[in-house]
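For reference, the structure discussed in these notes is given below.
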Amino acid sequence: GRLRELLALAGVRVLLPVIGEDGGLDWAWDAGELATNGRSRGIPEPQGDVVGHGADGLHALGCRVVLVPALAVDLGGNRLGKGGGYYDRLVAALGAHPETAPLLCAVVHDDEVLDSPAAIPVEPFDRPVDAVLTPTTYRRTTPP
């Protein structure tokens, strides 16, 4: 909530995820109003119209940064997701075009950053995030 408020005050337009009918992520502009009665099973989602779908939608809308939720992230950019696979699929799709991919930044608490470049096991399809944002710091990751 607070990060959304700060971005809005800075004039940054924010896209928020909506779980699409196909299980992928759709995108709607953050207009300040969120509801919990959508497909996201109680997770607040925007009330506006869907304006894009998946990685292609982010590219078409000119998205430059994606804040990726995680339970933990290591210094190599490997992240432990929350189990739905929504962002795993999105991050993999964005990685298909690295020259135009937005910056991928995992958002975690300070104690969820693991002090090793390879502390989280990865699968062959996993793509590391580029940076980590915590309540007290921002740092770029260094893939091994």
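The values are calculated or read from the model by the stated rules, or taken from the named source; none is laboratory data. Source: prediction; values computed, not measured. So basically every Cβ, Gly included, is an ideal-geometry build from the backbone, and we count neighbours across all protein chains shown. Side chains included, ligands, DNA and RNA excluded: accessible areas come from the protein's heavy atoms. Shrake-Rupley method; radii C 1.70, N 1.55, O 1.52, S 1.80 Å.
Things worth noting here:
- Of all residues making up region 105-114, the number that are open to solvent by 40 Å² or more (accessible area, probe 1.4 Å) and in contact with a strand residue (DSSP E or B) (Cβ under 8 Å, 6 or more places away or on another chain): 3
- Tally of residues being hydrophobic (A, V, I, L, M, F, W, C), in contact (Cβ under 8 Å) with a residue 12 or more places away in the chain and either touching a strand residue (DSSP E or B) at 6+ places or on another chain (Cβ under 9 Å) or within 22 Å of residue 97 (Cα to Cα) (or both) across region 4-58: 16
- Within region 77-94, residues that are closer than 15 Å to residue 53 by Cα and touching a residue at least 60 places away in the same chain (Cβ under 8 Å) have Cβ atoms under 9 Å from residues that are in a helix (DSSP H, G or I) and open to solvent by less than 40 Å² (accessible area, probe 1.4 Å) in these pairs: 89/54; 89/55; 90/54; 90/55; 90/58, counting only partners at least 6 apart in sequence or on another chain.
- Out of 102, 98, 121, 117, one residue alone is within 23 Å of residue 57 (Cα to Cα), surrounded by fewer than 18 Cβ atoms within 10 Å (Cβ to Cβ) and over 13 Å from the mean Cα position of the chain (by Cα). It is 98.
- Residue in region 127-139 that is acidic (Asp, Glu), in a loop (DSSP other than H, G, I, E, B), in contact (Cβ under 8 Å) with a residue 12 or more places away in the chain and closer than 20 Å to residue 15 by Cβ present: yes
- Residue within region 76-83 that is within 12 Å of the chain's Cα centre (by Cα), surrounded by fewer than 15 Cβ atoms within 10 Å (Cβ to Cβ) and under 19 Å from residue 19 (Cα atoms) present: yes
Results for (1) at pLDDT 85 or above; (2) not hydrophobic (A, V, I, L, M, F, W, C), shown as yes or no for each residue.
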position: 73; (1), (2): yes, no
position: 79; (1), (2): yes, yes
position: 90; (1), (2): yes, no
position: 95; (1), (2): no, yes
position: 99; (1), (2): no, yes
position: 105; (1), (2): yes, no
position: 114; (1), (2): yes, no
position: 122; (1), (2): yes, no
position: 133; (1), (2): yes, no
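- Pick from region 129-140, criterion open to solvent by less than 20 Å² (accessible area, probe 1.4 Å) and out of contact with any Phe, Trp or Tyr (no Cβ under 9 Å at 6 or more places or on another chain), ranking: nearest to residue 91 (Cα to Cα): 129
So that you can scan it fast, the table gives a plain yes or no per residue for (1) open to solvent by 80 Å² or more (accessible area, probe 1.4 Å); (2) within 17 Å of residue 134 (Cβ to Cβ); (3) of a type in the set (Val, Ile, Thr):
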residue: 23; (1), (2), (3): no, no, no
residue: 49; (1), (2), (3): yes, no, no
residue: 66; (1), (2), (3): no, yes, yes
residue: 70; (1), (2), (3): no, yes, no
